[in-house]
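Since every read-out is calculated from the coordinates, none of them should be taken as a lab result. All values derive from a computational prediction rather than experimental measurement. Quick reminder, even Gly has a Cβ in these numbers, built from the backbone with ideal geometry, and neighbours come from all protein chains shown.
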Amino acid sequence: MRAVRFHAARDIRVEDVAPPVETLAPDEVLIEPFCAGICGTDLHEYIAGPIVTPTTPHVFTGATNPQILGHEFSARVVKVGDAVGHVKPGDRISVQPLLSPRDDYYGKRGLYHLSPRMGCVGLSWAWGGMAERAVIKDYNAQPIPDALSDEQGAMIEPAAVALYGVDRGGVRAGSTVLVSGAGPIGALTVLAARAAGAALIIVAEPNPNRRRILAEIAPYAVVIDPKADDLMAVVGDLTEEGVGVDVTLECVGLEASLNACATAVRRQGKVVQVGLHIKRASIDAMQWALKDITVEATWCYPVQVWPRIARLIAAGAFPVEKVITARIDAADVVAKGFEALLDPAGNHLKIVVRT
């Protein structure tokens with residue numbers, strides 16, 4: 001079968017590999033992926049990997065390179081193990097890709113995403129969504145309603161990252177919000193904040209193409225260029241008595257963005273770290289103290305959120321598909337996928353790959 005595999009930095013290949021055997025363990029599910037999104041994590045692996053993809057057998061999954069990529073994907077069930085009862089052959093699913101023990105400290109508390117032994121389909125598991133077939137665990141298979149398209153099903157995973165940030169910020173009806181960064185996760189965070197009832201959403205994004213795309217998919221947002229516009233003046237003009245926004249969501253992973261969020265939030269507001277920092281950030285801790293703010297950090301998402309996101313999408317309240325800017329064949333995954341997303345012009349947000 002055809003599969004997209006990571007070998008090393010700048011070395012992703014479309015290869016013919018042996019398909020998974022159909023002799024399944026009792027808790028396994030054999031699937032045929034429909035489509036998979038290219039994630040920022042995939043990009044980091046492409047630029048500087050291996051980072052997450054294992055070079056020695058993974059501590060929990062046993063996976064090694066070359067890794068089949070794809071952890072944002074939807075699929076059709078082909079076959080199920082004897083102990084699987086919640087899905088059957090022919091069902092359409094969205095893959096919740098996190099794999100972790102169910103019996104360690106975090107697993108016993110339902111905090112599966114926090115296990116230090118966590119693995120991920122498409123990053124540290126034998127199979128991934130950028131292939132014609134894959135095997136997953138029963139708990140990775142999340143049924144989706146007929147009202148959802150295959151692409152919407154694939155978008156539940158990145159939407160879960162965004163919604164978790166919005167949840168941690170306590171965004172609710174009437175909230176005022178700043179989203180720093182309008183990349184794929186930033187754009188989904190804007191949509192999630194709107195779904196949660198935010199009354200004012202300000203978006204700071206220096207890339208003109210991303211500002212244009214965001215303005216098209218979220219016309220209700222106030223979109224500014226933080227390099228040309230005075231972000232704090234905008235925040236002051238748009239919030240009651242100029243106090244600042246209730247919640248800021250940092251979706252870039254840069255020091256300057258984090259500090260801007262701390263400045264823009266009101267006293268006793270919340271700053272949520274959604275974007276991942278790859279460098280240490282210097283912060284003004286005294287400012288945090290004087291403003292009595294809460295700083296929330298997020299890692300992945302609670303896996304139980306899948307049905308909730310599916311309901312929001314089906315109701316039209318969370319139009320995740322709007323973030324997709326291109327659809328490509330797996331044969332073009334490097335040139336039209338990874339390289340296109342790394343283009344400094346930034347003409348794309350989310351690119352979906354069909355195998």
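Largest first, the extents of the alpha carbon coordinates of the chain on the three principal axes equal 65, 42, 40 Å. Shape class for the stretch 115-154, computed from the alpha carbon gyration tensor (a ≥ b ≥ c): prolate, with a/c not under 1.5 and a/b above b/c. Between rounded, prolate and oblate, where does the stretch 248-318 land on the alpha carbon gyration tensor, with a ≥ b ≥ c its root eigenvalues, rounded for a/c under 1.5, else prolate if a/b exceeds b/c? It comes out prolate by the Cα gyration axes. Pairs over the 21 Å Cα-Cα cut-off, from the set Lys322/Lys350; Lys79/Lys322; Lys88/Lys137: Lys79/Lys322.
Applying both filters, DSSP loop and at most 14 other Cβ atoms within 10 Å, to the trypsin sites (Lys or Arg not before Pro) of the stretch 40-131 gives Arg102, Arg117.
Backbone geometry of the stretch 83-92 corresponds, through the Karplus equation with coefficients 6.51, -1.76 and 1.60 at θ = phi - 60°, to 3J(HN,Hα) couplings of 8, 8, x, 8, 9, 9, x, x, 5, 8 Hz, x marking Gly and Pro.
Per residue, the convex hull spanned by the alpha carbons of the stretch 296-339 comes to 152 Å³. Calculated on C-alpha atoms, the gyration radius of the stretch 4-102 divided by its Kirkwood radius gives an Rg/Rh of 0.98. Extension gain for Leu238 to Thr55 (0.36 nm times residue separation, less C-alpha to C-alpha distance): 60.9 nm.
Stretching the chain fully between Glu255 and Ser282 yields a gain of 9.1 nm (0.36 nm per residue, less the alpha carbon separation). Here each label is just a point 7 Å from Cα along the line to Cβ, and for Leu43 and Ala18 those points are 3.6 nm apart. Here the Karplus curve 6.51 cos²θ - 1.76 cosθ + 1.60, taken at θ = phi - 60°, turns the phi angles of the stretch 61-68 into couplings of 8, x, 5, 9, 6, x, 8, 6 Hz, with x standing for Gly and Pro. Over all projection directions, the Cα-based convex hull of the stretch 64-116 averages an area of 5.2 nm². Under 5 Å from the amide H of Gly49 lie the amide H atoms of Ala9, Arg10, each residue being 5 or more positions distant or on a separate chain, with H modelled from the backbone and absent for Pro and chain starts. Count Lys and Arg as plus one, Asp and Glu as minus one, and take only other residues whose Cβ is under 15 Å from that of Ser74; the net charge is then -3. Would you mind counting up the charge near Ala262? Only other residues with Cβ under 15 Å from its Cβ, with Lys and Arg at +1 and Asp and Glu at -1. After counting each charged neighbour, the total is -2. Charged neighbours of Asp329, selected by a Cβ distance under 9 Å, balance to +2 (K, R count +1; D, E count -1).
Whole-percent P(r), the stretch 198-299, all Cα pairs, 5 Å bins from 0: 3, 12, 22, 25, 22, 11, 4, 1.
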